[in-house]
Amino acid sequence: MNPKPNAQPNQSLIDGIATLQALAVSPEPVGNRELARQLGFNPTRVNRLLKTLAYLGIARQTANRKYTAGPGMHVLAAQSLHASRIMQDALPVLEELRRFGLTIALGVLWRDSVSYLFHAPPGMTTTQGIGRIGLLPATSSGIGMALLAQHGDDHIAELFADRAIDGFPGGLPDLMAAIEAVRQLGYARVCVDPVEDRHTVAVPVSNLSFAAVGMSGWIPEQNNAPIVEALTNAAHRIGD
């Protein structure tokens, strides 16, 4: 969620987009009441929103009266990627980073979550790495932490107020301390697997503060500097 606009936000639009997103990330068709429970909305309201989305072709009702993504949702996804050019610009750069033998990722921040546009472990083809992972908690992700650090403290506090925070059992104070460390370094280094000593290092993409590029795997401290340098160069090239 971004800083509140001066004008009163349109709650109907907010609810409609929340319903749209819930459909987009659902691996299976979902019923009206189930979706209402997930969102904490009134079932009658969700039913109207789903019928409107189906009318527009963005949602589709299945034979058993559940809802799933419609053709319009795929059109919106394709059009947005084409218009932003982020994938066209990023793929050649991401391919070059694979020489490090690590998992290479490009992700964007959505509220308190990260969506990976690209995520390819060693040995996976470039095409297989596109759009293969859904939403993950931003606070447990190097890319997520790099992007959260681009926001102000008030915004982060509002986003995570009065709730459990993935990766931070101490709550908001611990998260804010980690965010400040990311800001001081200019990049995020997050332990994603303490058993195998795996870390993610990530930096925000220049001129695209909603996106970040990262590498993940066994990255000893002595290897950190060349990884950060390569990611910083990649981020500038993607953002130019």
Report yes if Ala146 is of a type in the set (Gly, Ala, Ser), over 8 Å from the mean Cα position of the chain (by Cα), buried (at least 22 other Cβ atoms within 10 Å of the Cβ) and in the same structural domain as Ala211 (by TED's automatic domain parsing), otherwise no. yes
Scanning for something among the basic types (Lys, Arg), assigned to a helix (DSSP H, G or I) and surrounded by fewer than 18 Cβ atoms within 10 Å (Cβ to Cβ), does region 82-94 turn up at least one residue? no
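The rows are residues; the columns are (1) assigned to a strand (DSSP E or B); (2) in contact (Cβ under 8 Å) with a residue 24 or more places away in the chain; (3) small (Gly, Ala, Ser); (4) in contact with a Cys (Cβ under 7 Å, 6 or more places away or on another chain).
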| position | (1), (2), (3), (4) |
| --- | --- |
| Arg98 | no, yes, no, no |
| Ile104 | yes, yes, no, no |
| Gly107 | yes, yes, yes, no |
| Tyr116 | yes, yes, no, no |
| His119 | yes, no, no, no |
| Thr125 | no, no, no, no |
| Gly131 | yes, no, yes, no |
| Leu135 | yes, yes, no, no |
I'd like to check something: does region 62-70 contain any residue that is touching a residue at least 24 places away in the same chain (Cβ under 8 Å), within 30 Å of Asp153 (Cα to Cα) and buried (at least 16 other Cβ atoms within 10 Å of the Cβ)? no
Here are Ile238, Ile227: which of them is closer than 21 Å to Thr103 by Cβ, modelled with pLDDT under 95, buried (at least 18 other Cβ atoms within 10 Å of the Cβ) and not acidic (Asp, Glu)? Ile238
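Is it the case that region 4-12 has a residue that's surrounded by 13 or more Cβ atoms within 10 Å (Cβ to Cβ) and either more than 20 Å from the chain's Cα centre (by Cα) or not in a loop (DSSP other than H, G, I, E, B) (or both)?
No - not one qualifying residue is present in region 4-12.
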Here are some conditions: (1) in a helix (DSSP H, G or I); (2) among the aliphatic types (A, V, I, L, M); (3) modelled with pLDDT under 95; (4) surrounded by fewer than 15 Cβ atoms within 10 Å (Cβ to Cβ). Val195 meets all but one. Which one does it not meet? (1)
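Could you check, for region 41-55, whether at least one of its residues is under 27 Å from Asp166 (Cβ atoms) and not in a strand (DSSP E or B)?
The answer is yes, given that some residue of region 41-55 is under 27 Å from Asp166 (Cβ atoms) and not in a strand (DSSP E or B).
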If we scan region 211-223, do we find a residue that is β-branched (Val, Ile, Thr), assigned to a strand (DSSP E or B) and crowded, with 22+ Cβ neighbours inside 10 Å? yes
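So, Glu28, is that one of a type in the set (D, E, K, R), touching a residue at least 12 places away in the same chain (Cβ under 8 Å) and within 30 Å of Val190 (Cβ to Cβ) or not?
No; evaluated as a whole, the condition is false for this residue.
The values are calculated or read from the model by the stated rules, or taken from the named source; none is laboratory data. Everything numeric here is computed off the predicted structure, so don't read it as measured data. Counting neighbours? That spans all protein chains shown, and the Cβs are built from the backbone with ideal geometry, glycine included.
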